[in-house]
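Comments concern the structure below.
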Amino acid sequence: MTNTWKVTTSALALAAAAGVSGTALANDDVLRLSRDPANVVMPSITYNGWNYSALDQINLNNVKNLQVAWTWQVGILDNHEASPLVIGDTMYIASPKPNYVYALDLNKEGVIKWEFRPTMDVALATAQTCCGSQTRGLYYAEGKIFYSTLDGQNIGLDAKSGEQLWRTVGTDITRGEGMAGNNIVAGKLFIGGNEGGEFGVRGKVHAYDINTGRNMWTMYNMGPNNEVGIGARFNKNYPYMAGANPALDSWFGDSWKRGGGTSWGYFTYDPDLKMFYYSTGNCGPWNPDYRREWGKIDLAANGTLTSYHNNFCASQMARDAVTGELIWAYNISPSDMWDLDEPLITPLIDLNIGGQTVKTAVKAARNGMFYVWDRATGKLVNEPWMHTYQDIMTGVDMATGLPKYDITKIMFTDLADRRRYTQSDPMANNKPADYTGTEVVFCPGIAARNWEQDAYSPRTNLVYTATDNSCGALRMIRGDYTPNNATTGGYRLRVTLSGAPTVGLDGRPTTIQGQLIASDPAGRKIVWKREWPSDANRNPILATASDLLFQGGTDRGVLRAMNARTGDIVWEFRAGARFHQSPITYSQGGKQFVAIIASSAAANTAVAANAAPDNANRYRRSGTTLYVFKLPG
């Protein structure tokens with residue numbers, strides 16, 4: 001307790017020194033600008049993470065008339081995952097490697113006002129990171145642009161001139177620890193996290209003063225209380241976190257030091273509660289034998305795990321936005337061994353449940369289950385339900401908050417250990433040539449969805465999520481952790497196998513790989529779904545006040561508009577390249593615009609002139625073009 005108090009008082013002292021008070025937490029400039037739908041001041045548009053715009057000039061009746069207003073060539077062939085910002089008459093764009101920033105003049109159809117090029121070892125950053133060379137967002141406040149580069153730099157720029165105001169280094173890229181650029185500005189703090197859970201990195205979040213770049217605090221997602229920010233305010237809602245050091249005692253030995261659980265997803269923020277919300281990545285390594293007593297699993301009769309929960313990787317987190325203290329946490333997939341990262345947006349929604357308004361945080365999780373928490377306390381509001389087929393668990397025990405695991409889906413390195421718990425043959429069909437009997441086939445396979453933002457519409461009360469029906473197959477292997485191992489395969493300790501099926505929500509094999517689903521979080525049900533046969537189509541979704549959804553498609557290289565109440569497609573535009581970011585919509589001169597960057601990395605050029613008409617690659621080429629659309633006139 002003494003150590004925890006030292007950390008939290010230190011954080012409070014730093015916050016006070018920076019002029020951040022406990023009663024002035026919302027950044028007034030960000031709040032003011034985000035209330036005007038003409039602007040887009042952050043990814044997902046507003047602090048609550050809805051990715052919803054109040055603009056309605058483009059509607060169901062006239063969207064068919066959308067036309068290209070102007071285009072702009074980005075000139076960097078890669079997958080662009082960061083959506084543009086719009087503040088006043090300026091659009092701001094961040095590129096993938098080498099993470100340039102551009103300011104475009106909207107009065108002159110995209111003439112470049114300024115360009116910022118960070119000093120960056122692109123080759124090192126690309127080699128030392130896991131899953132692409134993107135940065136996923138820019139952030140605006142008080143005349144400044146903030147962002148993080150892949151190699152771990154946090155940078156503050158003058159929004160008018162592009163001049164660098166400050167620069168700090170938040171991660172060690174030489175050991176595979178980078179930053180994906182998913183951050184948030186809360187008060188006077190620029191808050192973000194790290195990535196690198198595949199390489200023995202320990203997950204953390206850190207906060208920097210927006211005026212100076214000074215590090216105000218750093219909190220880890222696992223380890224001793226004082227390093228995690230666990231003190232008297234932490235809500236121990238369920239028995240699995242009741243120990244003296246819940247983020248330490250749930251790990252075997254010092255495995256928490258390499259435990260993954262990085263923070264590379266989008267953040268949301270409640271200015272009234274002064275809390276920010278995020279979720280953590282997969283446990284590291286994937287092989288759970290390195291995080292528990294070797295070959296041992298303790299499951300209760302109902303399948304709930306009774307030891308080595310590995311708090312808090314693959315978890316939902318809520319922290320005090322001034323001090324970084326952990327207020328509550330929920331382990332979504334304890335002892336995760338299926339790569340069930342949860343780096344997803346956590347929309348904050350006031351739901352009508354049982355006739356009462358409940359302030360909730362919701363998540364269509366990567367394990368295929370939909371969760372609704374009381375965002376003040378972290379308690380489950382209703383029983384989690386399946387939004388995409390999964391067979392890892394049979395449900396969630398509401399008394400303990402734990403999933404009820406199926407023992408046949410638990411991973412073991414050695415066959416003798418597996419045989420002590422189950423005699424099932426995990427790959428009765430499609431056995432690999434080197435079959436050992438330890439392989440496990442499971443659904444979903446490396447996630448029912450990915451990092452891409454959901455959307456929520458207060459008009460329909462539905463959450464919109466892009467999901468994936470693919471299953472997976474893994475075998476655990478032995479290995480040693482060595483620092484700076486990103487370029488030699490990392491610290492996964494698993495082999496991925498082919499031949500896993502694609503399974504629909506009804507548990508039957510299907511040819512439908514991806515879906516766009518509309519979920520009722522209060523009613524615990526899917527209201528409608530749109531299926532994509534040829535591609536997962538896991539792209540972010542934008543909702544508007546005219547009951548429109550916009551989503552870029554990877555399947556045919558098209559931007560689509562859909563009816564938010566039915567899922568019917570009402571407009572399409574073929575760009576000829578893939579999409580990876582959320583569309584945005586903004587207003588200028590009394591007119592509403594929609595903008596998105598169509599992009600494909602150079603590796604995505606598998607286009608065959610003689611491909612079948614329905615072959616996805618027939619329509620996709622490498623390229624990066626910003627498209628801006630408007631109605632005629």
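The values are calculated or read from the model by the stated rules, or taken from the named source; none is laboratory data. Computed from a prediction, not measured in an experiment: that's the story for all the values here. Every residue, glycine among them, receives a Cβ derived from its backbone with ideal geometry; neighbour counts consider all protein chains shown.
Here is a list of conditions, (1) surrounded by fewer than 19 Cβ atoms within 10 Å (Cβ to Cβ); (2) in contact with a strand residue (DSSP E or B) (Cβ under 7 Å, 6 or more places away or on another chain), and G472 meets all of them except one; can you say which number that is?
It is condition (1) that G472 fails.
Taking interchain pairs and intrachain pairs at least six residues apart, which have beta carbon atoms under 6 angstrom, with the first residue in the stretch 300-326 and within 28 Å of P347 (Cβ to Cβ) and touching a residue at least 24 places away in the same chain (Cβ under 8 Å) and the second of a type in the set (K, R) and surrounded by 24 or more Cβ atoms within 10 Å (Cβ to Cβ)?
Partner pairs satisfying both residue conditions: N310/R291; L326/R319.
Which of the numbered conditions does V527 fail, given that it passes all the others? Conditions: (1) assigned to a strand (DSSP E or B); (2) crowded, with 18+ Cβ neighbours inside 10 Å; (3) touching a residue at least 40 places away in the same chain (Cβ under 8 Å).
Of everything listed in (1) assigned to a strand (DSSP E or B); (2) crowded, with 18+ Cβ neighbours inside 10 Å; (3) touching a residue at least 40 places away in the same chain (Cβ under 8 Å), V527 misses just condition (2).
Have a look at N61, N48, N107 and point out the one that is at pLDDT 95 or above and part of a helix (DSSP H, G or I).
Answer to the selection: N107.
Any idea which residue in the stretch 328-359 is nearest to D520 (Cα to Cα), counting only those that are among the β-branched types (V, I, T) and crowded, with 24+ Cβ neighbours inside 10 Å?
Filtering the stretch 328-359 for residues that are among the β-branched types (V, I, T) and crowded, with 24+ Cβ neighbours inside 10 Å, the one nearest to D520 (Cα to Cα) comes out as T346.
How many of the residues in the stretch 356-398 are in a loop (DSSP other than H, G, I, E, B) and either free of Cβ contacts under 8 Å to residues at least 60 places away in the same chain or of a type in the set (D, E) (or both)?
Final tally of qualifying residues: 7.
Would you confirm whether or not the stretch 539-556 contains a residue that is among the basic types (K, R) and modelled with pLDDT of 95 or more? If you could, list the steps in order and put the result at the bottom.
Of all residues in the stretch 539-556, those among the basic types (K, R) come to 556.
With modelled with pLDDT of 95 or more added as a condition, the list becomes none.
Scanning the stretch 539-556, I find no residue that is among the basic types (K, R) and modelled with pLDDT of 95 or more, so the answer is no.
Looking only at residues in the stretch 327-349 that are assigned to a loop (DSSP other than H, G, I, E, B) and of a type in the set (S, T, N, Q), which one is nearest to A361 (Cα to Cα)?
Per the criteria, the residue is T346.
Would you mind finding the one in G324, G303, G295, G281 that is under 15 Å from the mean Cα position of the chain (by Cα), in a loop (DSSP other than H, G, I, E, B) and not β-branched (V, I, T)?
It is G281.
Could you please give the count of residues in the stretch 503-524 that are within 23 Å of the chain's Cα centre (by Cα) and in a strand (DSSP E or B)?
7
Which condition does D535 not pass, out of (1) buried (at least 19 other Cβ atoms within 10 Å of the Cβ); (2) within 22 Å of the chain's Cα centre (by Cα); (3) in the same structural domain as G368 (by TED's automatic domain parsing), if it passes all the others?
Unmet condition: (1).
What is the residue count in the stretch 267-278 for residues that are touching a residue at least 12 places away in the same chain (Cβ under 8 Å) and either among the polar types (S, T, N, Q) or not in a strand (DSSP E or B) (or both)?
Final tally of qualifying residues: 5.
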